[in-house]
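Beneath this line is the structure, given in structure tokens, with notes to follow.
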Amino acid sequence: MSPRREFTAAVLLTAAAGALGLLAGGRPWLDLRVVRDSPLPPVADTVAGATAAPLVPGLALVVLAGAVGLLATRRSGRVAIGLVVLAAGAGMVAAATPWLGEVRAGRARDAALDVGLPAGVLEVSGSTGALIAVLAGGLAVLLGAATVLRSRRWPVMGARYDAPTAGQASPPPARAIPETAEPAGDRETWDALDRGEDPTRQQRP
């Protein structure tokens with residue numbers, strides 16, 4: 001793959017990883033159901049990713065910003081952005097992993113309180129939101145590492161919009177357009193008007 005295509009793929013996939021993390025933050029991570037004493041009916045609710053792990057959507061925004069930063073920076077700046085994207089992806093994975101599979105009872109109870117469920121026997125079932133967040137974070141980790149290792153061979157934006165450096169010659173100044181000399185007849189007419197004379201009198205037969 002050419003460096004230009006590699007760079008384009010890195011930018012698009014980094015943006016996709018950030019968008020996937022935001023999507024995971026808005027999806028349900030837990031389905032909760034509280035069974036209460038009769039005759040009270042059971043109460044059910046879902047816990048979204050932004051409630052369960054608010055760090056995930058925040059780090060997803062960092063990954064999205066990294067995709068934009070890759071377009072606006074040069075080689076050394078891209079290495080720094082790659083490190084930030086890698087760290088943000090690792091944080092997303094760490095924040096979402098505890099919500100995969102069987103969630104601990106204490107964590108599920110805290111989540112039920114966060115969404116306002118009443119006390120009772122709590123039944124918990126998982127959802128796909130946490131898995132999406134882990135996938136988004138893992139993708140961001142891979143892309144961040146690839147950016148650190150490969151970004152020095154990627155193309156940069158055109159330099160024609162940059163300010164010229166000391167070693168670059170400035171463009172030659174535009175040549176001034178000489179003013180057209182005023183016709184002699186017009187000058188004599190204005191001189192006569194300045195003296196208070198009628199210039200048309202000289203032209204009469």
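Only one of these is in contact (Cβ under 8 Å) with a residue 24 or more places away in the chain, surrounded by fewer than 20 Cβ atoms within 10 Å (Cβ to Cβ) and either touching a His at 6+ places or on another chain (Cβ under 6 Å) or closer than 17 Å to Leu20 by Cβ (or both): Ala95, Ala90, Ala67. Name it.
Result of the check over Ala95, Ala90, Ala67: Ala90.
Look through Ala52, Ala15 and report the one residue that is in contact with a helix residue (DSSP H, G or I) (Cβ under 6 Å, 6 or more places away or on another chain), closer than 22 Å to Ala145 by Cβ and of a type in the set (Gly, Ala, Ser).
Criteria check complete, one pass: Ala15.
Given (1) over 31 Å from the mean Cα position of the chain (by Cα); (2) in contact (Cβ under 8 Å) with a residue 24 or more places away in the chain; (3) surrounded by 12 or more Cβ atoms within 10 Å (Cβ to Cβ), where does Asp110 come up short, assuming only one miss?
(2)
The rows are residues; the columns are (1) at negative phi; (2) among the polar types (S, T, N, Q); (3) modelled with pLDDT of 85 or more; (4) not in a helix (DSSP H, G or I).
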position	(1), (2), (3), (4)
Thr14	yes, yes, yes, no
Ala19	yes, no, yes, no
Asp31	yes, no, no, yes
Pro41	yes, no, no, yes
Ala67	yes, no, yes, no
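Evaluate the following for Gly18: is it farther than 13 Å from Leu139 by Cβ and small (Gly, Ala, Ser)?
Here the answer is no, as Gly18 does not meet what is asked.
Looking at (1) at pLDDT below 95; (2) surrounded by fewer than 22 Cβ atoms within 10 Å (Cβ to Cβ); (3) of a type outside the set (Asp, Glu), which is the only condition Ala53 fails?
That leaves (2) as the condition not met.
The values are calculated or read from the model by the stated rules, or taken from the named source; none is laboratory data. Keep in mind that what you see is a predicted model, and the values were worked out from it rather than measured. Every residue, glycine as well, gets a Cβ built from its backbone with ideal geometry; the counts of neighbours run over all protein chains shown.
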